[in-house]
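To keep things clear, I will list the structure first and then write my remarks on it.
The values are calculated or read from the model by the stated rules, or taken from the named source; none is laboratory data. These figures come from a predicted structure and were not determined experimentally. Positions of Cβ are backbone-derived with ideal geometry, glycine not excepted, and every protein chain shown enters the neighbour counts. The accessibility values were calculated without ligands, DNA or RNA, using every heavy atom of the protein model including side chains. Shrake-Rupley method; radii C 1.70, N 1.55, O 1.52, S 1.80 Å.
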Amino acid sequence: MTAVGVIGATGLVGGEMLRILEERNFPVSQLRAYASPRSEGRVLATKWGDVACEVLRDGCFDGLDLVIVDVDDPLALEWAPHAAAAGATVVDNSAAFRMDPDVPLVVPEANPHDVHNAPKGIISCPNCTTIVLVTALAPLHREFGIERLVVATYQSVSGAGKPGMEELSEQWTKFDGGAEQLRRAAATPGVIEPGEVWDRPIAGNAIPLAGSVKEHGYTSEELKLVRETRKILHDESLRITATNARVPVYVGHSMAVNIEFRRPAAKAAVVELLAAAPGVALADGGDGHPSALEGAGIDPVLVGRVREDQSNPGGIDCWVTGDNLRKGAALNAVQIAELVIR
Ligand SMILES: NC(=O)c1ccc[n+]([C@@H]2O[C@H](COP(=O)([O-])OP(=O)(O)OC[C@H]3O[C@@H](n4cnc5c(N)ncnc54)[C@H](OP(=O)(O)O)[C@@H]3O)[C@@H](O)[C@H]2O)c1
């Protein structure tokens, strides 16, 4: 049995975390929940009993075996080492330690053995988009060797946490989801004001900038996808370029992926591999077109639109979608924890 702490238990990922621990019958002997001072004392009902939220303070992790971190990077950077020093294994969903060479970055379907090489006692979960992508691509990389990826993402607002969900809801509600203002906002400047999270209205829109702009015009989300995929697949030579966009979808990150392989891949072989791949569900044998909503609320990532790239023989085009809060965060963390306690 495992004494478990969840930091950020009242957030989107934290809430999903508690549900998944329950669903998977994780062997919990004791559960403690941490959140901001705003939530101190708030009671969360779980199958292990009611748990009152605590604030983070010195000694708060004493006696815990596993601490799952679902807060933003600065908080994770500060508190994950405290949890590790208290003797807990830390599974961190933030980006704080992902590229640290002494912290493994793990998608259990791709690199499960890396969990055992965690000298700091911290194991990182990749970014939600990266997890969804790598879950689908790992078996193809093993078989054919990926040479180059061109990815375009369509990311949901829940990727930006509760504030992202609230911003879309407020804008939909204000304009009833279908009002003329949403259809023709460009023609009526000022009608839909941007919110706090995005600099444009997100309702009725597609914003081609997820994250903040970094080097060479790539965004933080795009660079995470590139660097994290290389680290997980242990292949720094992998060539990847990405354009990450935000769309008015509540849950579910989707992506169009063009893959160039070192050894040419035929559609039939790709479909056969994906059909047998853990954590993947093929839509209509690879010919389906799984939407974000179909992938939301379930565990596997969905793959469809599998085609042989007619511009590049031996390459493949496909569509991948997955629940960013489940496989893209909470489920992946619980799978890591299961590997650790096994
Ligand atoms: N959303 C996704 O799709 C996704 C996917 C992968 C990874 N992640 C990462 O997971 C982490 C959490 O994201 P989220 O989407 O769940 O965010 P969120 O919905 O905004 O939740 C944030 C959580 O942090 C807590 N918190 C804020 N200030 C705190 C403090 N001073 N002390 C303790 N707890 C505090 C909040 O508690 P209160 O409720 O009390 O404010 C809440 O539980 C982030 O690092 C994010 O990058 C998110």
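Side notes on the structure shown:
- Shape call, segment 204-341: gyration tensor on alpha carbons, a/c limit 1.5: rounded
- Area accessible to solvent at Leu77, 1.4 Å probe radius, in Å²: 100
- Computed 3J(HN,Hα) for segment 31-42, one whole-Hz value per residue from the Karplus formula 6.51 cos²θ - 1.76 cosθ + 1.60 where θ = phi - 60°, is 10, 10, 10, 10, 8, 6, x, 4, 9, 4, x, 4, glycine and proline marked x.
- Other-chain or far-sequence residues with amide H under 5 Å of Val6's (modelled H): Arg32, Ala33, Tyr34, Ile68
- Whole-angstrom gap from segment 272-325 to segment 102-128, using each part's C-alpha centre: 24
- Theoretical gain in end-to-end length, Glu338 to Glu193 [0.36 nm per residue, Cα-Cα removed]: 47.7 nm
- All lysines inside 26 Å of Lys120 as judged from Cα atoms, apart from same-chain residues fewer than 8 positions distant: Lys224, Lys231, Lys327
- Among Gly49, Gly161, Gly252: highest mean-square fluctuation, GNM of the chain, C-alpha pairs under 10 Å: Gly49
- Relative protection proxy for 2-10, 26-34, from highest mean packing down: 2-10, 26-34 (other beta-carbon atoms within 10 angstrom).
- At a probe radius of 1.4 angstrom, the accessible area of the chain per residue rounds to 43 square angstrom.
- Measuring nothing but protein heavy atoms, the accessible surface of the chain at 1.4 Å probe radius is 52 percent carbon and sulfur.
- Trp48 accessible area, 1.4 Å probe, all protein chains in place, Å² to nearest 10: 80
- Per-residue HN-Hα couplings for segment 245-255 [Karplus 6.51, -1.76, 1.60; θ = phi - 60°; Hz; x = Gly/Pro]: 10, 10, 10, x, 10, 6, 9, x, 9, 10, 8
- Electrostatic dipole magnitude of segment 241-342 [Cβ: Lys, Arg +1; Asp, Glu -1; Cα centre; debye, to 20]: 260
- DSSP beta bridges in the chain [antiparallel fraction, %, rounded to 5]: 45
- Using C-alpha pairs below 8 Å separated by at least 6 residues, the relative contact order for the chain is 18 percent.
- Computed from phi, the 3J(HN,Hα) profile of segment 111-118 under the Karplus parametrisation 6.51, -1.76, 1.60 (θ = phi - 60°) reads 9, x, 5, 5, 4, 7, 10, 10 Hz, with x in place of Gly and Pro.
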